[in-house]
Every structure is written in structure tokens, then in C-alpha cells.
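The values are calculated or read from the model by the stated rules, or taken from the named source; none is laboratory data. Only a predicted model underlies this, so the values are computations on that prediction, with no experimental measurement involved. Here the Cβ positions follow ideal geometry from the backbone for every residue, glycine too, while neighbour counts run over all protein chains shown.
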Amino acid sequence: MEGDYKFRINNLNVFWGKAQALRSISIDIPANRILGIIGPSGSGKTVFLRSLNRMNDLVPEISVEGRILLDGEDIYHPDVDPVKLRKRVGMVFALPVPLPASIYDNIVFSPSLFRIRDRKKLNHLVETSLTSAFLWDEVKDRLKTSALRLSGGQQQRLCLARVLAMEPEVILLDEPCSGLDPISTAAIEDALGILKKNFTIILVTNNTKQAARVADNTAFFLMSEMIEYGATEQIFTMPRDKRTNDYVTGRFG
Amino acid sequence: MDRHFFDELNSLKQELLNMGSLVEEMVSIAVRALVEHDVNLLETIRQNEARVNRLQVDIDEYCLKLIALHQPAASDLRFLLGISKINAELERVGDHTVNICKGISVVLEKEQVKPFIDMPKMVEIVSSMFKESLHAFVILDVDKARMILLRDDQVDQLRYKIIQELIELMKKEPEKVETAVSLILTANSFEKIADHATNIAEVVIFVAQGKDVRHHFEDPLL
Ligand SMILES: Nc1ncnc2c1ncn2[C@@H]1O[C@H](COP(=O)(O)OP(=O)(O)OP(=O)(O)O)[C@@H](O)[C@H]1O
Ligand SMILES: [Mg+2]
């Protein structure tokens, strides 16, 4: 069944200096599904996400133990080029950070597209990635205007389009809707629902209801541990662990 | 989520229990009518019925509001669905008690009926199942709920015996056909109340554990 799982993670431990940020996490993440990760602040969601494309490597105090297989291959193997890995496993952050450039350039300035010179090809890429991010119709007539003039929700979809333009296999999203109004949030959620046909999506969210709406499977993190992992439907109707129930019903803390 | 929501859940539960007490009173009035031939409380039962009907609507609206405003999950969601289901069961039980009382008062206008041994026995089991089902809900006691499920068969058997007895009566004393038919309907109504108590017990298990035990789909080993 190897092919059905995009990631297989076995006994992942992450240390931040002496403190343990993740404790023996084992989880198999199915391909072409949305995995929602929920949990209180400081539970390790972001650290987990950043382990999946080795962004944690950029922080010297962090050390990672355990095994993370992407399509069966160990991503921490010395032969693996982290830059190539990050192209396969793209990431969208909480706050949209478009470059102070035009909408068009925001997409073609992605480092991995650097070498593409063919205008036609670039135009095509801009159109397809903006379309996939559900932004094309809103911006197609003003591609040359500044990305900073877009609304927050549009900027976030632009950031998603930038990631999509790199043609990744996995998209990691860390609270992508935290500053967005319900309509922009719905636009992102709709986009994710369509994108999962072609990508594996891992969505960290502080909004449990968002996980309930969009995720196929949900993992609950608490104090560096993964307490429960199951079909979203099960997690939100009959969680096995009392702590999960307390969290999804808002009884925490 | 805010404290407010949990307070709302509590007051909703309280409202359902108020409705439960009204219906419990109706059941005991029906029992008295049947066993002691006391039909003086017909007016009380009518008043209770009107209050129960109003409460049913209020409680459903309250549930709807809490679901819409708070989008509850897990145990809270099961709880709200449970309240809404029990709400409907209670209203049905109330209706049966009204039918029972009406039926008996008509019978009593005609003649004194001798008590059938099995009838009071069945009625006692039914009313205790009903009380217990509400109590199981108050404390979400799964064991208690399971005990109620087990008693349903006993009621079915007693009802069968009562009906056989009444058929014999009709054969022997054809002039008592009307009375006998009326008593058969009464036995049926009590049996329905037991069914509703069973449904309430199933809701308790669902709310407590998330398991749907209706129609015996459950794994008997669980
Ligand atoms: N800059 C840092 N320096 C030291 N430790 C850190 C730092 N950032 C995070 N940690 C540690 O890692 C743990 C997990 O943090 P992480 O950022 O993954 O939490 P999170 O679940 O993403 O929380 P939030 O919902 O607030 O984003 C924290 O409890 C903290 O101890
Ligand atoms: Mg975080």
C-alpha cells in the first residue's frame, strides 16, 4: 500500500535545544487527501509541518530524529537536496507575503522558475496557477498591477498560486486563513477541495471548524504529542480520546 | 468556546427534564386510571399535554439555535441531537397517555372491568422503564440504558398474554367486545410507551458513546 501514502512518518522526535517540540510522532499521510492538523498554541503543529520539507534545518537549535519517508524515500537522507525537496513540498504561510511587484511577476519570480525564458510558457504557467488558486478571474485584467493592492484574501490566494507554479506534489499550509474574512476563507477552502485531486495537502489550522469543513483526516496535537488521528468525521463526532473531545468542543484550558 | 454555550446546554437540558417530569406525571395518571379506575385527573393530563406540546416546539427551536450559532462538535453535537430526539419521544409518550385515559374513561362509563393480572404488571414495568430512561439520560448512564433495552421483550410478552386473555373474554362474553377492544388498545399504548423508553435509552448510549444501537446493528460483543 506504499503508493497510497505520500508521507510515512515513524517515531519523529524534534528537539528545540533541550526542549522536546515533538514526541514520537508516527503517522501515515494518504496521497490526494487533505490532512487537517489541529491543536492549541505551542502544541508543535508548525514544527511538525516544517519537518516535512526540512525547513527546520534552517534553525540551528533544532534537531530531528526519526524517519520521514516521502514516496518511500527518506527525506533526511544525506543525498537529498533540501532545495529540491522544498520544490516538491511547497509551503503557504499564515500571513500572505507577496513580493512588492506585479501579480504576474510574483508568480514568475519564483526561484524554481528562474531558468524559464519562454514567455509563452510563463504566461501559461501564470494563468494555470492563478486559475488553480481561484484567483484568475479576479486578476486577469490587471496582471501588471502591484500584488500589494490585492485584498488579504486575494494575496493569500496569490501566495498559493506561487506555490502551485512550482508544481509541487505536497502543499503545506500553516494557518492560511488566519486573517481572512469568511468569504476569502471559503474561497481558499474551495480551492483546496479541488486541488487535492492533484496534490496532497496538509493544513494546520487554529480553527477546528475549518478542519471539520475541509479535511479528510484530522490529527490532534497537544503538548508535543499527537493524541489522536482519524477520519475527520470520526474526530468531530466521536473522538476516542477525552482530550480530543475537550478540544473540539472548546472545553480546553 | 465561551462559557455561555455550556450554560445554554445546561438550561436546554433543564428544559427537557421539565418536559420529562410533565410526561412522567402523565404516565402515572394513565397508570392510575387503568389500575385504580381513577379518571378524575383527565383535566390535568389535558393541561400537561398542552404544556408538553409547547415545550416540544420551544426545545426544538432552542436546539436549532444552538446548532446554528455554535456549530457544536463531538459530545456537544451528540448531546444536542440526543435532546432533539428525546424531545420527540416525550411528546409521543404524552399522546399515548392521553389516549389511554380517554379510552379508559369511556370503558368505565359502561361497566366495571375486573383487573387483569398481567395488565398492572405490564403497566408497572412500562412506567418504570420510562422513568429509568429519563434518569439514564440525566446522568448519561450507559449501563442503566442497556438494562432498559433488555426489558422491552418482557413487555412484548406481557402484551401478547393480555391480548390472548382479552380474546378469550370476547369469545366467552361477546357483550364485552367493546370493553375488550378498548383494553387491547390500552395495552398497545403502554407497549408503545415502552418502545419510546427504549428509544430514549438508545439515545443515551449514542450521546454517551457515539454508538448507534438502533435496530440491533451493533456488534453484540461490544
Ligand atoms: N523560536 C523558538 N524558540 C524556542 N522554542 C520554540 C520556538 N518556536 C517554537 N518553539 C517550541 O516548539 C514548540 C512547538 O511550537 P510550534 O510553533 O510548533 O507550535 P504551534 O502548534 O504551531 O503553535 P501556534 O498555534 O501558536 O502556531 C513550542 O512549545 C515551543 O516550545
Ligand atoms: Mg504554528
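Out of B:K172, B:K211, B:K176, I need the residue that is within 14 Å of another protein chain (Cβ to nearest Cβ) and of a type in the set (D, E, K, R). Which one?
Sole residue among the options that is within 14 Å of another protein chain (Cβ to nearest Cβ) and of a type in the set (D, E, K, R): B:K211.
Just wondering, is there one or more residues in region A:30-39 that are in a loop (DSSP other than H, G, I, E, B), within 16 Å of ligand 2 (Cβ to nearest atom), at pLDDT 95 or above and more than 14 Å from every other protein chain (Cβ to nearest Cβ)?
Within region A:30-39, one or more residues are in a loop (DSSP other than H, G, I, E, B), within 16 Å of ligand 2 (Cβ to nearest atom), at pLDDT 95 or above and more than 14 Å from every other protein chain (Cβ to nearest Cβ).
Give the residue that is farthest from B:E15 (Cα to Cα), with candidates limited to residues of region B:53-74 that are at pLDDT 95 or above and polar (S, T, N, Q).
Only one residue tops the list, namely B:N53.
Can you say whether A:V80 is more than 14 Å from chain B (Cβ to nearest Cβ), out of contact with any helix residue (DSSP H, G or I) (no Cβ under 8 Å at 6 or more places or on another chain) and within 12 Å of ligand 1 (Cβ to nearest atom), as far as the supplied structure shows?
no
Which residues, counting only those in region A:54-100, are in contact (Cβ under 8 Å) with a residue 60 or more places away in the chain, in contact with a strand residue (DSSP E or B) (Cβ under 6 Å, 6 or more places away or on another chain) and over 16 Å from A:N10 (Cα atoms)?
Result: A:V89, A:G90, A:M91, A:V92, A:F93, A:A94.
Please work out which residue is farthest from the other protein chains (Cβ to nearest Cβ), limiting yourself to region A:241-253 and to residues that are in contact with an Asp or Glu (Cβ under 6 Å, 6 or more places away or on another chain) and of a type outside the set (F, W, Y).
It comes out as A:D241.
Which condition from (1) more than 15 Å from A:E167 (Cβ to Cβ); (2) modelled with pLDDT under 90; (3) among the aliphatic types (A, V, I, L, M) is the one that A:I75 breaks?
The number of the failed condition is (2).
On the basis of being away from every other protein chain (no Cβ under 14 Å), of a type in the set (A, V, I, L, M) and in contact with a Leu (Cβ under 7 Å, 6 or more places away or on another chain), does B:V39 make the cut?
Yes: the conditions hold for B:V39.
Only one residue in A:S26, A:S63 is more than 16 Å from ligand 1 (Cβ to nearest atom), of a type outside the set (D, E, K, R) and surrounded by fewer than 21 Cβ atoms within 10 Å (Cβ to Cβ). Which one?
When all the criteria are applied, what remains is A:S26.
Scan region A:85-117 residue by residue and report those that are modelled with pLDDT of 85 or more and farther than 19 Å from A:F48 by Cα.
Passing the criteria: A:P98, A:L99, A:P100, A:A101, A:S102, A:I103, A:Y104, A:D105, A:N106, A:I107, A:V108.
Going by the structure shown, is A:Y104 assigned to a helix (DSSP H, G or I), touching a residue at least 12 places away in the same chain (Cβ under 8 Å) and either among the hydroxyl-bearing types (S, T, Y) or away from ligand 1 (no atom under 16 Å from the Cβ) (or both)?
Criteria met by A:Y104.
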